[in-house]
Amino acid sequence: MLSSIPTVVPMLLLLFGAGALYQSTKSYRQYRAVAGLTPEPALASDGGESTAVRGPVDLEEPASLERAPPEESEIETDRAALVAWRVRSHLRTGSGNSGKSRWRTVDGGLAAGEFALREHGRYVPVSEECLPGANEESFDPFSDSRVHLGEPEHDVRLGEPSAITKALERLRLIGKNGLLSDATVSLSIGGTSASPNRYQATVVEAGEELTVGGTVDETQDGPVLKPGGEDTRGVVGGRVDDGGNRLRRRALTQVGLGVVVLATGLYLF
């Protein structure tokens with residue numbers, strides 16, 4: 001009976017199983033980074049101590065985006081302190097059997113407004129230089145290990161998907177509710193991409209809790225968070241402990257699903 005199963009089925013299972021295991025390593029690395037970004041119980045006052053400030057966002061000036069999001073995303077930035085965004089393109093390199101295809105971020109960034117974090121009854125302004133990617137021309141905030149804002153809240157296709165892409169999403173192998181939550185599967189037919197570009201974004205609004213790493217300087221106007229070393233820069237949305245637990249659960253889930261799918265694919269060969 002198993003001999004009647006097309007070879008492509010176990011091959012697809014092996015592909016998705018390997019992809020899930022790869023994603024689990026990424027989630028685990030992010031979990032380790034979040035675990036290392038632990039806020040101090042009080043504000044540092046010596047102007048040189050590495051710390052992290054956590055609290056609700058108090059917005060002074062909303063973030064402005066150099067690239068306007070597509071209308072379908074319905075993104076509103078009137079109350080946005082941070083907007084993490086990227087444009088993903090499915091590209092194919094090489095030719096013939098040696099050609100490879102994969103998703104690649106072709107544009108992105110972390111747009112920041114003027115805001116402070118309310119911690120211990122005090123307001124700590126956060127300078128844009130404290131944020132990862134502040135000095136980079138193009139930056140992917142969803143794949144960088146220093147930024148942890150969850151999966152993109154807004155995911156909009158910049159074009160029509162192929163029939164194969166729609167079928168895989170219905171089977172929940174890819175897509176928002178699929179085995180691979182991010183569009184990591186490269187699909188191409190005859191050297192042509194079968195997946196349209198995607199615009200993805202997450203908005204952090206006034207009142208939401210945020211954790212930002214850096215050093216706290218005491219000034220005449222009060223404490224100010226300034227950039228520290230590269231190892232101290234980090235941004236976490238929500239509670240740090242909740243973010244770490246979420247990433248750890250995701251890694252364990254991806255490992256379990258990856259092993260099951262791989263084992264099924266090997267059994268069907």
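Of all residues in segment 113-133, those that are open to solvent by less than 10 Å² (accessible area, probe 1.4 Å) have Cβ atoms under 7 Å from Cβ atoms of residues that are among the basic types (Lys, Arg), 6 or more apart or on another chain, in Leu117/Arg54; Cys130/Lys226; Cys130/Arg233; Pro132/Arg146; Pro132/Arg233.
Counting only residues that are surrounded by fewer than 23 Cβ atoms within 10 Å (Cβ to Cβ) and either at negative phi or not assigned by the TED database to the domain that holds Thr77 (or both), how many does segment 204-225 have? Don't jump to the end; show me each part of the working.
Start the filter on segment 204-225 by keeping residues that are surrounded by fewer than 23 Cβ atoms within 10 Å (Cβ to Cβ), which leaves 205-210, 215, 217-224.
If we keep only those that are either at negative phi or not assigned by the TED database to the domain that holds Thr77 (or both) as well, we get 205-206, 208-210, 215, 217-221, 223-224.
Of the residues in that region, 13 qualify.
Ser186 meets the conditions (1) modelled with pLDDT under 80; (2) assigned to a strand (DSSP E or B) in every case but one. The failed one is (2).
The values are calculated or read from the model by the stated rules, or taken from the named source; none is laboratory data. Quick caveat, the model's predicted, so the values are computed rather than measured. Cβ sites come from the backbone with ideal geometry, for glycine too, and all protein chains shown count toward neighbours. Remember, those area values only see protein heavy atoms, side chains included, never the ligands or the DNA or RNA. Shrake-Rupley method; radii C 1.70, N 1.55, O 1.52, S 1.80 Å.
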